[in-house]
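*Asks:* One structure follows; several queries about it will come next.
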Amino acid sequence: MAVEIAPLPVPPTADASMLKDFGREVKGVHPGHLSPEQFKEIHDLLYTYGALLFRNVDLSPEQQYALTKAFDPTSESYGHGNKKTEGEKKSILHPDLKTIPRVPQVQLIGNGTVYDHEGLAEAKLKHPSHTTFHKTRISPEDEEKGYTRFYRWHIDAALYDLSPPKVTTLYGVTVPQGQRQRVRYDDGTGDELEVPLGTTAFVDGRTMFNILPPELKSVAVRTKVRYAPHPYVWMAPAHALSTGLGIVSEGLEMPYDELPPWEESKIKVLPMLWKNPVTGELHFQVHPCGVSELFIDALPEGAKREGALFPDGAHLTDLKEVRDLLYKMQRPAIAPHLVYPHDWQEKDLVLFHNRGVLHSVVGAFKPDQVRAFHQCNLAASDDPKGPSEEDVKKWA
């Protein structure tokens, strides 16, 4: 059968013109039974549109792993390392992940207690909540009224030792239905966003770069980002901003000498902008919670210096300064009209370009609302490529 595509349903909260090139629903093929020619088409569609949706698909963990691996055939281990995260009790990710025993690259995530599931006799799942991670929280009274927050805007990546996965696949096995919720940004802007219960929210890294003013585009194209060693352990004692877009600078991060053993050579220093291998476009791809330093190159020879930020380059090591600059650059792209909040149905499969979009868990479930999803991403065989010399000349 031929691969057919249709636009994703854009919610009324979004600016359809800004999301016209983001996301497509794929019809006519089964993602677990793709011919080489069909996979090549799916591969290019994913990098072109950032996210692909397959509705009403029966998909085994083995098929999900095979599909994910096809995007990077030499990749093997789960994006955070097989079973390593589960064994690291101090990691902020520890409560959220359970491994499918026979396919350890596929994780079971969700909420409530799941029984006799793919070789797991019993699994207690916990939906991440802003109440345990943010500096401030919505009152229990307002939560009862349906108010909630983005949990953490992020890229699926260990950000230490392992290279960021190219693709993440998410499969909805059990999807509870319930009242829609309203995300509060609580950052003084008054921004709010109505979302389906338990949505996954996406923003396009291309848009994040494209809407920047020229002086910040120039910074982005010249910057490399250094992540902390074992960043999810490092950030665990700290608190997030109310938008879920980074950490409040209070000095609560775990000192480096108290982290699990780490090596300088395994610390990740990655470009601020990642180049799309199919379209050649630049995506602003930074996990704001894990960043420790920024390296900004000087303007290239012949570039206009008037009005430029950091014309002679800079090495920013003050965490508050680093985070404030990142927030200034990233916050415009999570404005309500630029967010795609997916309305999950059972047997939905969503593939997203993990090197091209940021996403966030959203909302809160009651303990008796059972939700079970299969998630797969694989530590990549290489690091993402940054801007070319031509890109730097064009934007700096």
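Values in this text are rule-based calculations from the coordinates and carry no lab data. Because the structure is predicted, anything quoted here is derived from the model rather than measured. In this analysis, Cβ positions are derived from the backbone assuming ideal geometry, glycine residues included, and neighbour counts consider all displayed protein chains.
*Asks:* Eigenvalues of the Cα gyration tensor times 5, then square-rooted: what semi-axes does that give for the chain, in whole angstrom, largest first?
*Replies:* Working from the Cα gyration tensor, I get semi-axes of 31, 25, 22 Å.
*Asks:* Hey, for a label at Lys394 modelled as a point 7 Å past Cα toward Cβ, could you say which residues of region 328-367 have their backbone N under 20 Å away?
*Replies:* Only 355-357 fall inside the zone, counting backbone N under 20 Å.
*Asks:* Where the centre of each part is set by its Cα atoms, how far does region 53-74 sit from region 251-320, in angstrom?
*Replies:* 32 Å
*Asks:* Given Ala240, Thr223, Leu294, which one lies farthest toward the positive end of the charge dipole of region 201-331, if we put +1 on the Cβ of every Lys and Arg and -1 on the Cβ of every Asp and Glu?
*Replies:* Thr223
*Asks:* Provide the per-residue ³J(HN,Hα) series for region 161-173, in order, calculated from phi with Karplus coefficients 6.51, -1.76, 1.60 and θ = phi - 60°, each as a whole number of Hz, with x at glycine and proline positions.
*Replies:* 6, 8, 7, x, x, 7, 9, 10, 10, 10, 10, x, 7
*Asks:* Per DSSP H run of at least 4 residues, take -39500 (n - 2.57); add these up for the chain, divide by its residues and hand me the 222 nm value, nearest 500 deg cm²/dmol.
*Replies:* Computed mean residue ellipticity for the chain: -5000 deg cm²/dmol.
*Asks:* With a Förster radius of 25 Å, plug the Cβ-Cβ distance of Asp15 and Glu141 into 1/(1 + (r/R0)^6) and report the FRET value to the nearest 0.05.
*Replies:* Calculated value: 0.20.
*Asks:* Once you have the Kirkwood Rh of region 121-215 from its Cα pairs, apply Stokes-Einstein at 20 °C and 1.002 mPa s and quote D in µm²/s.
*Replies:* 130 µm²/s
*Asks:* State, to one decimal in nm², a quarter of the convex hull surface area for the C-alpha atoms of region 192-272, i.e. the direction-averaged projected area.
*Replies:* Its Cα hull, projected and averaged over all orientations, spans 7.9 nm².
*Asks:* Another question, if that's okay. If the chain between Ala6 and Glu306 were fully stretched, how many nm would it gain, using 0.36 nm times the residue separation less the Cα-Cα distance?
*Replies:* That pair, Ala6 and Glu306, stretches by 103.5 nm at full extension.
*Asks:* Test of understanding: what is the full-extension gain from Thr74 to Lys385, defined as 0.36 nm times their sequence separation minus their Cα-Cα distance?
*Replies:* Computed gain between Thr74 and Lys385 is 110.2 nm.
*Asks:* Also, I was wondering about something else. Sorted from largest down, what three extents in whole angstroms do the Cα atoms of region 114-157 have along their principal axes?
*Replies:* So the three principal-axis extents are 38, 29, 15 Å.
*Asks:* Could you tell me which trypsin sites (Lys or Arg not before Pro) in region 112-168 are loop residues by DSSP with no more than 14 other beta carbons within 10 angstrom of their beta carbon?
*Replies:* When the trypsin sites (Lys or Arg not before Pro) of region 112-168 are filtered for loop state and at most 14 Cβ neighbours within 10 Å, Lys135, Lys145 remain.
*Asks:* Just to compare against my own numbers: the Cα pair-distance distribution for region 1-88, 10 Å bins, whole % per bin, please.
*Replies:* 14, 40, 29, 16, 1
*Asks:* Rank by packing, highest mean first: peptides 225-234, 33-42, with packing defined as the count of other Cβ atoms within 10 Å averaged across residues.
*Replies:* Highest to lowest by the protection proxy: 225-234, 33-42.
*Asks:* So, one more: Roughly how big is region 7-55's charge dipole about its Cα centre, with Cβ charges of +1 (Lys, Arg) and -1 (Asp, Glu), in debye to the nearest 20?
*Replies:* Computed about the Cα centre, the dipole is about 140 debye.
*Asks:* Relative to the compact globular guide of 2.2 N^0.38 Å, what is the alpha carbon radius of gyration of region 252-396, as a ratio?
*Replies:* With N residues counted in region 252-396, Rg over 2.2 N^0.38 Å equals 1.30.
*Asks:* What would the Debye equation give as log₁₀ I(q)/I(0) for region 317-396 at q = 0.18, 0.20, 0.26 Å⁻¹, counting only Cα atoms as equal point scatterers?
*Replies:* The Cα Debye sum returns log10 ratios of -1.21, -1.29, -1.32.
*Asks:* Now for a separate question. Hey, could you get me the Stokes-Einstein D for region 234-313, Kirkwood radius over alpha-carbon pairs, 10 °C and 1.306 mPa s, rounded to whole µm² s⁻¹?
*Replies:* For the chosen part, D equals 100 µm²/s.
*Asks:* With charges only on Cβ, +1 for K and R and -1 for D and E, what is the dipole size of region 205-312 about its Cα centre, in debye, rounded to 20?
*Replies:* 520 debye
*Asks:* How high is the relative contact order of the chain, in percent, counting Cα pairs under 8 Å that sit 6 or more residues apart?
*Replies:* 29 percent
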